[in-house]
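Shown next, in C-alpha cells, is the structure this report addresses.
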Amino acid sequence: MGGSVFSIIFMKMNAKGMTTLDSLSLAWRTVRSNKLRTSITVAIIAFGIMALIGIITAIQAMNQSLKESFSFMGANAFSIRYKDSRVRFGGGGNRNRDITKTKRGTKEKKSNLDKPIRKEEAEFFKTHYFFPGAKVSVYRRGPGAQEIHYEEKKTNPQITVWGGDENYITVNGYQIELGRNLNNLDVESGRSVCLMGSNVATKLFGERPEKCIDKIIRVGSLPYRVVGLLKSKGSSAMMRQDDMILTSYNNVRHFENSNPSYLVGVMVNNVQELDVATDEATSVFRAVRKLQPPDEENFVIERSDKFAELFIGFLSSITGSAGAIGLITLIGAAIGLMNIMLVAVNERTKEVGLIKAIGGKSKNVRQQFLFESMIISLLGAFFGIVLGVMVGNLFSIVLKTGFVVPWAWVIIGIVICSIVGLAAGIYPAMKAARLNPIVALRYE
C-alpha cells in the first residue's frame, strides 16, 4: 500500500519518466516502509556474515598471539635441540631399548649415538663454533609448575625454572631491567643466584618489583639470591614468557625433574647470514655428536617461528571451514531473500501495473526490485561485519592482543553480499518487469 503511494507521487513528479536515481530512491522508501520484513531478512544475512567475519577475526587474533608468543628468539636466531627418535615398547627389559628397523625388516639395537644432548657436547659446540659475530648460549629447561616463595608471599604454581649462561638473555630476546646478568663464575660454580621474570617480581613484590634485587627467595625448598630483574616480554595466553626464573645450567641440575637434554641457542648478526650459519652449525654439531656421513642427524636445528608457522598453518585450514559455514548460511539467506522478493512482487502487482501505465518502463521496474534486494543484502553485510568484528575481538581480549579487523575479509563479505543480493533479486525483478500493465492493474 505504502509502495503504491510512493509510486504515484514519484511518477507525478517525473512526468518525463523515471531515472536510475528515482528507482534507487523508490527502492529505499519501499525497504523502509516494510520494517518487519526487512529486519528479518537483514538478520538472516547478518548472522551469516557474522559467522564468517567473527571466525576469521578470532583466527587472526590467535595468529597474532602465536607470533608474539613464539618470537621469544629473534628473527636472526636459531636453536639446536635433541631429536628423540627412540621407539619404546611396553613390558619387561625392552622398555628403554632403542631400536631401528633394517632393510630386511629385522630389529637391531641402535648405537649409543642417539642420546640426549649432554652438557659436554653443548659446551664443546659453544667453544668450537666460530661463525663471525655469532653468540652461542648453552641452556637447559628446569622444572615447570613451580611455586616461588618470598617471606609470606608466593606465586601461583606456574613458574618455569631455566638454567642458562651469560648469553641466554641475549639469544632468547630478554633484557635486564635492574641488577646484573649471570657471569662465568655463576655458571661454573653453579651457585644459587637467579634472575627473576617480571611477572614473578610483580607477584612477590607488588608495585615495587625493583625491591627483588639481593632478596632471598625459595624455589620449592631451595634458596636463591636474586641478582637481576628481567624486562617484561609481554606474556600471552599461549606462552608465559615472564613467568620464569633463570639460574645457571650447572645449578638447575639440582632439580630432579629437569629436562635431561641440553639446548644450544645461536644468534647471528643479521637474517641474511642465517642460512649459512645453520649449515655450519649442522656440520659442527654432527662432529660433536660423532655422526658418520651415512648417519641421520639425531638433533634438530629450528628457528623460533617454526612452531608458530605450524600452528598458523593449522589455523589456516580452519579459515576454509569458516568460509564454508558462512557460505552455506549465505546461500540459505539468498533463498530466503528471493522468496521474500517474490512475495513482494505478488503483493505489489497493482503498483507495478500503475508504474507501467503512467510511463514507467520494464527497465525501471527491474531496477527498483534489484535495488531493493541489494539494499537489504548490503544492510545485512553492514550489521554482520560489525557484529563479527566485535565477537571475534573477544578472543583478542582473552589473548591480550591488539584490536583486529580482517579488512580483506570485510571487503570479501561486502562483495559476497552484493552477489547474494543481485542473485536473489534477478528472478523476482524479471518477473515483475514482464507483468502486463492492464492485467496488473486489474489484479486483486
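Listed here are the pairs LYS126/LYS215; LYS135/LYS290; LYS119/LYS231; LYS203/LYS231; LYS135/LYS215; which of them are more than 20 Å apart at the Cα? Exceeds cut-off: LYS126/LYS215; LYS135/LYS290; LYS119/LYS231; LYS135/LYS215.
You can think of it this way: the chain between ALA287 and GLU302 has 3.6 nm of extra reach, that is 0.36 nm per residue less the Cα-Cα gap. Listed peptides 162-172, 274-284 appear in the order 162-172, 274-284 once ranked by packing, highest mean of other Cβ atoms within 10 Å at the front. For segment 237-276, the residues whose amide N sits under 19 Å from a probe point set 7 Å from the Cα of LYS126 along the beta carbon direction are 245-255, 258-269. Extension gain, TRP28 to ARG180: 0.36 nm times the residue separation minus the Cα-Cα distance gives 47.7 nm. For LYS115, the aspartates and glutamates whose Cα comes closer than 15 Å to its Cα, not counting residues fewer than 8 places off in the same chain, are ASP84, ASP98, ASP295, GLU296, GLU297. In terms of the mean number of neighbouring beta-carbon atoms within 10 Å, the peptides 247-256, 291-300 order highest first as 247-256, 291-300. In this calculation the C-beta distance from TYR427 to PHE314 is compared with R0 = 60 Å, giving a FRET efficiency of 0.90.
Quick note: the coordinates plus some simple rules give every number you see, no bench work behind them. Nothing here was measured: the structure is a model prediction, and the numbers come from that model. Note that each Cβ is placed from the backbone with ideal geometry, even for glycine, and that neighbours are counted across all protein chains shown.
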